[in-house]
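Asker: Could you have a look at this structure, given as structure tokens, before my questions?
All of the numbers you see were taken from the coordinates with simple rules; none came from a lab. For clarity, every value in this text was computed on a predicted model and none was experimentally measured. As a convention, Cβ positions derive from the backbone with ideal geometry for all residues, glycine included, and neighbour counts pool all protein chains shown.
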């Protein structure tokens, strides 16, 4: 849906921003017209995530050229992992500064990270919740890895990597 | 009250440029007294603010790295601003000596103000986006970074603040800042050849940036 006259100027700008971010990712993430399944999947998830509306600045995507032909279950696990991480930013982080980055790693795998500038937490004292635990297990079962880096006052990074 | 900083803007998308200029005027201590659609027009204009934002793709056939060098030779500091980021040209303009790179994002204009203020203080800021795209550099002859420098680039590219990056690496904020300075120096000293005009034209064509646009310096109107 494109902005209509029903919205305030601020809301219109926000909607335009969200769509522009989405199109930008579709443009930058593919090389020579190759399908970019993971980038497209992440871009859709980011565009449609409630964090867009709940956080004042929206979610900033930074997505490079990603390998194509990734197994669909890997695309799904990484997308769901990132979605779960965004859910937690909305619930706990107390910030509206969050970005999702995705890039090809030096050894040809992928790295997807969700980074917020929020209050952070002590990862030793506070084990991850059910959803996050499930995300981490799903990625591990496919041979990938998910780690959470956080400290009080330092924001939180959820980092997922997968190598073929 | 912070002192007013005047900057120039070179962008062939007049609507984008005017939108940014208006936002600056209302929300910041940055003012844009000079706007131009080409580097030549900007260099001929007076006054001539030292700091200038430059659209990566001006649609007049000029090469991004050439534009940066022409501005630097004339004594300007260049902030590259793009709507659509492209690794190749971000890297080349960095090597050509551009001071900073940012994606033009309406909700992030405060970041552009931060960059302008840092430049005005004499710093060479590396934004998260800049670090992100430099970290994607996979050219075989790219500048050699140490493992720590590569790690710093990746973490800054994630948008993590310098203090937090320092704590993760067991070092201070100023150590992280000097890693970034060294990385930027390796790029500006790389001496790698720039792409030729043909490479740029091919790329622009692929991106459909080669559509005919009115060049106000050459003819009397789009119909002629």
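Asker: What angle, in degrees between 0 and 90 and rounded to the nearest 10, separates the Cα long axis of helix B:109-120 from the longest principal axis of the Cα atoms of chain B?
Answerer: Long axis of B:109-120 versus the principal axis of chain B: about 80 degrees.
Asker: How many angstrom separate the Cα center of the stretch B:90-113 from the Cα center of the stretch A:131-164?
Answerer: Cα centroid of the stretch B:90-113 versus Cα centroid of the stretch A:131-164: 30 Å apart.
Asker: Assuming a ≥ b ≥ c are the square roots of the Cα gyration tensor eigenvalues, decide whether chain A counts as rounded (a/c under 1.5), prolate (otherwise, with a/b larger than b/c) or oblate.
Answerer: Values: a/c = 2.09, a/b = 1.11, b/c = 1.89.
Verdict is oblate for chain A.
Asker: Using a 10 angstrom cutoff on alpha carbons, build the Gaussian network for chain A and name the most mobile of A:119, A:63, A:136.
Answerer: Result for chain A, Cα springs under 10 Å: A:119 fluctuates most.
Asker: What percent do you get for the relative contact order of the stretch A:102-164 when only Cα pairs under 8 Å and 6+ apart count? Walk me through the numbers on the way to the answer.
Answerer: Details: 107 pairs, mean separation 28.4, N = 63.
It rounds to 45 percent for the stretch A:102-164.
Asker: Below 8 Å between Cα atoms, with a sequence gap of 6+, how large is the relative contact order for chain B in percent?
Answerer: Working: 306 pairs, mean separation 33.8, N = 224.
Answer for chain B is 15 percent.
Asker: Does anyone have the angle between helix B:14-27 and the longest principal axis of chain B? Alpha-carbon axes, 0 to 90°, nearest 10?
Answerer: Computed tilt is about 60 degrees.
Asker: Per the helix-only calculation at 222 nm, which mean residue ellipticity applies to the protein assembly as shown, given -39500 (n - 2.57) for every DSSP H run of n ≥ 4 and division by its residues, nearest 500 deg cm²/dmol? Don't jump to the answer; show the numbers that get you there.
Answerer: Working: 15 runs with 169 residues, N = 388.
Computed mean residue ellipticity for the protein assembly as shown: -13500 deg cm²/dmol.
Asker: Could you tell me the relative contact order of the stretch B:1-123? Use alpha-carbon pairs under 8 Å, at least six residues apart, and round to a whole percent. Intermediate values should be presented prior to the final figure.
Answerer: On the way: 192 pairs, mean separation 28.4, N = 123.
Result for the stretch B:1-123 is 23 percent.
Asker: Also, quick follow-up: Inside 10 Å of the C-beta atoms of A:13-23, what's the mean count of C-beta atoms belonging to other chains?
Answerer: Going residue by residue through A:13-23 and averaging, the value is 2.
Asker: Mind jotting down the three principal axis lengths of the protein assembly as shown based on Cα atoms? Whole angstrom, largest first.
Answerer: 65, 50, 48
Asker: Now for a different question. Could you work out how far helix B:197-206 tilts from the main Cα principal axis of chain B, as a 0 to 90 degree angle to the nearest 10?
Answerer: With both axes taken from Cα atoms, the answer is about 90 degrees.
Asker: Can you compute the modelled spin-label distance between residue A:119 and residue B:41, with each label point 7 Å from Cα toward Cβ, in nm?
Answerer: 5.0
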